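Engineer: Just passing along the structure, written as structure tokens.
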Amino acid sequence: MELYYNINPNIILIFSYLLVFLAFSGIFYNNRNIVIILLFLELILLVVSFNFLFFSIFLDDCFGQSVILYILAIAGSEVSIGLSFLILLFRIKGILNLDFYLGLKG
């Protein structure tokens, strides 16, 4: 376990900040494709899980690892429900462009 304590936490935080910035910029830049937006949302959840895992190891605590299991369960259910809605929308309308669905009223 001595290997984990030699890692500088600032490097891990900078890496996670860069990944979160990449995810948010991907969401704002690619605002037309629903599947890509869901992919970047999953990236944000994985970065949060990565931070919990690193600080759980760094602080020698098991709470972060139990939170990771909860986050991954929520992320898995989110993906399954989101993709089922996308399949349903594609079967009904035949298009997955987000601009088309934002123009709908009702």
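Throughout, read-outs are computed from the coordinates displayed, never taken from laboratory work. Everything numeric in this text was worked out from a predicted model, so none of it was measured. Positions of Cβ are generated from backbone atoms using ideal geometry, with glycine treated the same way; all protein chains shown enter the neighbour counts.
Engineer: As an exercise: evaluate residue 75 against (1) out of contact with any Asp or Glu (no Cβ under 8 Å at 6 or more places or on another chain); (2) surrounded by 12 or more Cβ atoms within 10 Å (Cβ to Cβ) and give the number of the one condition it does not meet.
Structural biologist: Every listed condition holds for residue 75 apart from (1).
Engineer: Can you run down the residue pairs with Cβ atoms below 6 Å, 6 or more apart or on separate chains, where the first is in segment 58-70 and without any contact (Cβ under 8 Å) to a residue 12 or more places away in the chain and the partner is assigned to a helix (DSSP H, G or I)?
Structural biologist: Cβ pairs passing all conditions: none.
Engineer: Separate question: Applying the selection to segment 1-57, what residues are outside any helix (DSSP H, G or I), within 29 Å of residue 96 (Cβ to Cβ) and without any contact (Cβ under 8 Å) to a residue 24 or more places away in the chain?
Structural biologist: 30, the sole residue that qualifies.
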